[in-house]
Amino acid sequence: MTAGLALIGVRSFMIGVWIGPTQTRVRGWLISIRFDNQEFRRVSSVGYSGLLNEGNLDGSARHLKAMLFHVQETRGPRQYYFAGLIAFKKTSERQVSEIEQRIVAAQQHATSSRDSRAR
């Protein structure tokens, strides 16, 4: 029991979104993905349905939001749902906006750097 709680505590510090100049890494409770910023299409705030609200039986998904990443991979479009990135609606919408802005800025920077090297 104590080891399980310690594991949960340690893992909670590893959950999040890290945006680099060329890649973004998203780490949740159970899955982690890494994608090239050029593959990113959008991130959205979607209703949370999971263990904390028993599959949304109480209707709390209208207040609790998780993140859904939309990525255009070489094998086609994919969506990654991160229940570990849960927040209240207003906070989630702010975070989604900030993540999108940062990834788009990284995309634009990479494109302008590539264009300036081609000249």
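Every number here is computed from the coordinates shown, using simple stated rules; none is lab data. All figures in this text were calculated on a predicted structure; none of them were measured in a lab. Counting neighbours? That spans all protein chains shown, and the Cβs are built from the backbone with ideal geometry, glycine included.
General remarks:
- Proximal charge balance of Arg94 [Cβ under 14 Å; K/R count +1, D/E count -1]: +1
- Summed residue charge, Cβ within 14 Å of Gln23's Cβ, Lys/Arg positive, Asp/Glu negative: +1
- Within-12-Å neighbourhood charge of Pro77 [Cβ basis; K, R +1; D, E -1]: +2
- The modelled label-to-label distance for the pair Ser113/Arg25, using points 7 Å beyond Cα in the direction of Cβ, is 1.7 nm.
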